[in-house]
Amino acid sequence: MTTQATQPQYRLEQKRNIRGEFPGPKSAELAARRAKVVAGGVASGVPVYVADADGGVIVDVDGNSFIDLGSGIAVTSVGASDPAVVDAVKAQVEHFTHTCFMVSPYEGYVAVAEKLAELTPGDHEKRSVLFNSGAEAVENAVKVARIATGRTAVVAFDHAYHGRTNLTMGLTAKANPYKSSPAGSFGPFAPEIYRVPMSYPFREEAEITGAQAAQRAITMIEKQIGGENVAAIIIEPIQGEGGFIVPAEGFLPALADWAKEKGVVFIADEVQAGFCRTGAWFASEHEGVIPDIITMAKGIAGGMPLSAITGRAELMDAVHAGGLGGTYGGNPVACAAALGAIQTMEELDLNARAKAIEAQVTERLSKLAGELGETGIIGEVRGRGAMLALEFVKPGTAATTKEPNAEATKAIAAQCLKEGVIILTCGTYGNVVRLLPPLVISDELLADALDVLEAAIRAAS
Ligand SMILES: *Cc1c(COP(=O)(O)O)cnc(C)c1O
């Protein structure tokens, strides 16, 4: 599209402003109330409670203003109170909040499905179903693949994250905290899930191309499962929770080609990477991969709970009427929000904005990595668009063992928070800082956040 992008409008002052020690008294009071009634299994990374959020800032109940480099885990790409989302939600709730699409349908659901058919890769005939969460989308993609193929096996990858429901816990690679801890396990997990190695360029023992890494996985699948038994392979084109791992070039296309040849459904889990996050509508596009089914959620609806799967019509329509659905799936308010959010992504050209963020951040961080040198704690700067990460290693090991440095990672995130910058960590080894700013963040605010991050990294080095 060549429409001239307009500029984001901010309601709150886009400034970092920490008024002394925090949590302040109001946050402390809420924390005390929470401790008595909220289950301990739900942990929060930040000790303050939110009063308002807009653009690139989150303001707490004591008036502190933080820079948001997390977007509520890649959700509020258009900001947490985007005017188009707010207006669409207001207009919808004044008419009806719910009827259940399976009982009495409405236009918003159809309009979202039309948009998904237009925006997802490939010009084949497509069908969509809407749900509430990313995990639910993944579960349903697997359901469709099993019915469509008449097979049961599902292949997932090392370092994968697909959610916290029973099937998706099984698909997720990392045990603690998602599946178990020394205190116990959430299992038993669903059967017929198989795991194969990912392409993780920074941690390969020897130089290996994307095509070779794909062959390593394919050989394992064919040897241990048999391609003819595989319903689907599911993969995040850029892995999220696992550490913002960008596979070597050629890895995804080779897997997709093999899947096509064997009649295996290729599911791209774009729950985190989709909707402009990586500088494209979907991360699969960077290598021209056309998934058979694509799962979407986080960025889709400006913060309202909505998820979707979009797939080839012949696969999706293989499922019997009544086989897919859910009470709240495709809620009309969430659909209205999605249409508003997508409108903002188009009007502000947030794909271009994500690329500009990539340029600004990688220039800064690559320079810093160069200064800290081969033996510094920055092992790698990677990612695409506004899905960027720093992997930290123990000093002196960068060029050799690449020993993960979870301590420094934690210290850096804590220092950033202290200075008023909210950043998230991730990674199988807990040694990755991930940057997921709202795509509407201003250059100035982002530069301020990077100053804080750079100082924290230097202090931890
Ligand atoms: C977050 C995430 C999920 C799970 O989404 P929920 O909405 O938390 O259920 C699934 N896949 C990927 C890639 C994710 O990042």
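Quick look at the values:
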| item | result |
| --- | --- |
| Given charges at Cβ of Lys, Arg, Asp, Glu: the chain dipole, positive-most of 344, 280, 42 | 42 |
| Hydrodynamic radius by Kirkwood, which averages 1/r over all alpha carbon pairs of segment 4-102, in angstrom | 15.9 Å |
| Calculated FRET efficiency for the pair residue 314/residue 118, C-beta based, R₀ 30 Å, to 0.05 | 0.95 |
| Volume per residue of the C-alpha convex hull in segment 85-347, rounded to whole Å³ | 134 Å³ |
| Peptide ranges 411-420, 337-346 listed from the most packed, as the mean C-beta count within 10 angstrom indicates | 337-346, 411-420 |
| Whole-Hz couplings from phi, Karplus 6.51/-1.76/1.60, listed for segment 247-264; x for Gly and Pro | x, 4, 4, x, 5, 5, x, 5, 5, 5, 5, 4, 4, 4, 4, 9, x, 8 |
| Relative contact order (%) - the chain, alpha-carbon pairs under 8 angstrom, separation at least six | 22 percent |
| Mean accessible surface per residue for segment 24-163, computed with a 1.4 Å probe while every protein chain stays in place, in Å² | 45 Å² |
| Dipole magnitude (debye, nearest 20) for the chain, charges at Cβ of Lys, Arg, Asp, Glu | 1220 debye |
| Rg(Cα)/(2.2 N^0.38 Å) for segment 319-398, N = residue count | 1.79 |
| Listed residues 130, 218, 183: farthest to the positive end of the dipole of the chain (Cβ charges) | 183 |
| Overall dimensions of segment 257-313 as given by Cα atoms, namely Rg and Dmax in Å | 12.0, 38 |
| ³J(HN,Hα) computed for each position of segment 444-455 - Karplus, 6.51 cos²θ - 1.76 cosθ + 1.60, integer Hz, glycine/proline x | 5, 5, 5, 4, 4, 4, 5, 4, 5, 4, 4, 4 |
| Contour minus Cα-Cα distance for residue 401 and residue 39 (0.36 nm per residue) | 126.4 nm |
| For peptides 208-214, 20-26, 361-367, sequence by mean Cβ density within 10 Å, most packed first | 208-214, 361-367, 20-26 |
| Rounded to 5, the percent of DSSP beta bridges in the chain classed as antiparallel | 70 percent |
| Residues whose placed amide H lies under 5 Å from that of residue 126, excluding near-sequence neighbours | 313 |
| Extension gain (nm, one decimal) between residue 459 and residue 186, 0.36 nm per residue minus Cα-Cα | 94.4 nm |
| Segment 96-193: proportion of alpha-carbon pairs further apart than 20 angstrom, % | 53 percent |
| Whole-Hz ³J(HN,Hα) from phi, Karplus 6.51 cos²θ - 1.76 cosθ + 1.60, for segment 314-321, glycine and proline x | 5, 6, 4, 7, 6, 7, 4, 4 |
| Scattering curve values for segment 164-273, log₁₀ I(q)/I(0), Debye with Cα scatterers, q = 0.11, 0.22 Å⁻¹ | -0.38, -1.34 |
| Residue 81 long-range amide H proximity, modeled H, under 5 Å | 55 |
| Residues of segment 122-144 with amide N under 16 Å of the 7 Å Cα→Cβ point at residue 327 | 131-133 |
| Rounded FRET efficiency, nearest 0.05, which uses the C-beta distance separating residue 261 from residue 442 and R0 of 45 Å | 0.45 |
| Along principal axes, Cα extents of segment 321-461, largest first, whole Å | 58, 37, 27 |
| Debye intensity ratio I(q)/I(0), log10, the chain, q values 0.12 Å⁻¹ (C-alpha model) | -1.09 |
| Extension gain from residue 100 to residue 347, taking 0.36 nm per residue of separation minus the Cα-Cα distance | 85.9 nm |
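The values are calculated or read from the model by the stated rules, or taken from the named source; none is laboratory data. Worth saying up front: this structure is predicted, and the values here are computed from it rather than measured. No Cβ is skipped: glycine too gets one built from the backbone with ideal geometry, and neighbour counts run over all protein chains shown. These area figures cover heavy atoms from the full protein model, side chains too; ligands, DNA and RNA do not enter into them. Shrake-Rupley method; radii C 1.70, N 1.55, O 1.52, S 1.80 Å.
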